[in-house]
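One structure below.
The values are calculated or read from the model by the stated rules, or taken from the named source; none is laboratory data. Just so you know, these numbers come straight off a predicted model, no measurement behind them. As a convention, Cβ positions derive from the backbone with ideal geometry for all residues, glycine included, and neighbour counts pool all protein chains shown. Side chains are part of the model used for accessible areas, which takes the heavy atoms of the whole protein and leaves out ligands, DNA and RNA. Shrake-Rupley method; radii C 1.70, N 1.55, O 1.52, S 1.80 Å.
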Amino acid sequence: MENYNYFCRNNKYLMQKLSFSGHETFVCKQYWLKKGIDFVRQKGSFNQESSVVSLGVGKNMVVSIKYWLKSFNLLDNHDNLTELAKYIFGSKGKDPYIEDIGTIWLLHYNLVKTAKATIYNMFFNEFSKDYNFFEKEHITKYILNILRDLDIKNINTNTIDKDINVLLRSYYKDETSKDIEEDSVILLSELEIIKKEKKSYYLNYENKQDIPENIFLFAILEFLSKDESTVSINRISFSNSSPGRIFLLNKHDVIEKIRLLEAKYKGIVYSSQAGVETIQFKKSIDKWKVLDDYYNS
């Protein structure tokens, strides 16, 4: 995995570490996350040679499974399970086999927001602002320009290229693929965020009705600063790592979902005064209770 420490002068990013590669060119399969988490719960170590036998996959896949667990915020920096991992995949996990589309949207949100796999954060926060239809080369040039603007030296273009290949394969469901069985277990392709028309890819803004409003509310509550009770609709819709940005929702979609939440939860109030639209939280809402309401319904 190639890492770069940087500070972006234009404030698009905070001081953090950029990480590229680590996936060994494998996209995340739907059953990998539970397999990896069960392995961790049984005190397994990804660094031991026995992990190949325990996980039943090749050595490169062992590395890839660990990479995806960290990228989805299911493993912390000390290889311990996160609260999210326990909630979804634990002994009383809500959706250990990832049978609910809401879980995949939740994982997608964490993949982009936590930025442990930099390419996804850059793609959904930056690239998507400027491109709807695009070819792979457009992403390559865009990412390389960002890295050069940050004065990062010795950029490995081959590494960036592999990251982009995995990103596109992760989200694009190829209906013409000859290996239908293999492609059917690619986790993020179920969201159909990226589609293809002739030689160009495009971002799909048409299927956002399947984003459960409770998953959206969980993302809002994670996005808010501590003790923040009022936030503008524009910030939820357009800011980097906002729910609107990550879920590819336009402002109208955001307001529509907030209206649904307003009817469901007392204390949530949509307001439009003097041209300023906001969502107000009149009382504290527990984000995990919001997920409970979704999975227990």
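Of note:
- Averaged per residue, the chain has 50 square angstrom of accessible surface, using a 1.4 angstrom probe with ligands and nucleic acids left out.
- Charge dipole (debye, nearest 20) of the chain; +1 at Cβ of Lys and Arg, -1 at Cβ of Asp and Glu: 620
- Net charge of the neighbourhood of Phe238, taken over other residues with C-beta under 9 Å away and scored Lys/Arg +1, Asp/Glu -1, is +4.
- Of the residues Asp38, Asp149, the one with the largest accessible area comes first in the ranking Asp149, Asp38, computed with a 1.4 Å probe on protein heavy atoms.
- Considering only Gly58, Gly275, Gly22, the mean-square fluctuation computed in a Gaussian network model of the chain, springs between alpha carbons under 10 angstrom, is largest for Gly275.
- Carbon plus sulfur fraction of accessible area for the chain, probe 1.4 Å, in percent: 46
- Comparing Ser91, Ser19, Ser64 in a Gaussian network model of the chain where C-alpha atoms under 10 Å apart are linked, the largest mean-square fluctuation is found at Ser91.
- Shape category assigned to region 100-176 from the gyration tensor of Cα positions, a/c cut at 1.5: prolate
- Cα→Cβ-extended label distance, 7 Å offset, between Ser271 and Lys251, nm: 1.9
- Label zone at Asp76 (point 7 Å along Cα-to-Cβ), backbone N below 19 Å, region 269-296: 287-288
- Sites excluded, chymotrypsin sites (Phe, Trp or Tyr not before Pro) in DSSP loops with at most 15 other C-beta within 10 Å, longest stretch of the chain: 98-204
- Max mean-square fluctuation residue, GNM over the chain, Cα-Cα springs under 10 Å, options Glu213, Glu126, Glu262: Glu262
- Rg/Rg_ref, the chain, where Rg_ref = 2.2 N^0.38 Å and atoms are Cα: 1.01
- Span from the region 33-97 Cα centroid across to the region 155-171 one, whole angstrom: 23
- The residues neighbouring Val269, those whose beta-carbon lies less than 10 Å from its own, together hold a net charge of +1 under the Lys/Arg +1, Asp/Glu -1 convention.
- Selection from Ser64, Ser51, Asn80, by position along the positive dipole direction of region 46-86 (Cβ): Ser64
- Difference of contour (0.36 nm per residue) and Cα-Cα distance, Val52 to Asp130: 23.9 nm
- Pairs of lysine residues in region 188-287 that meet both criteria, 8 or more places apart or on different chains and Cα atoms under 18 Å apart, total 16.
- The chain - percent relative contact order, Cα under 8 Å, separation 6 or more: 16
- Reciprocal of mean inverse Cα separation for region 147-297 (Kirkwood radius, Å): 18.0
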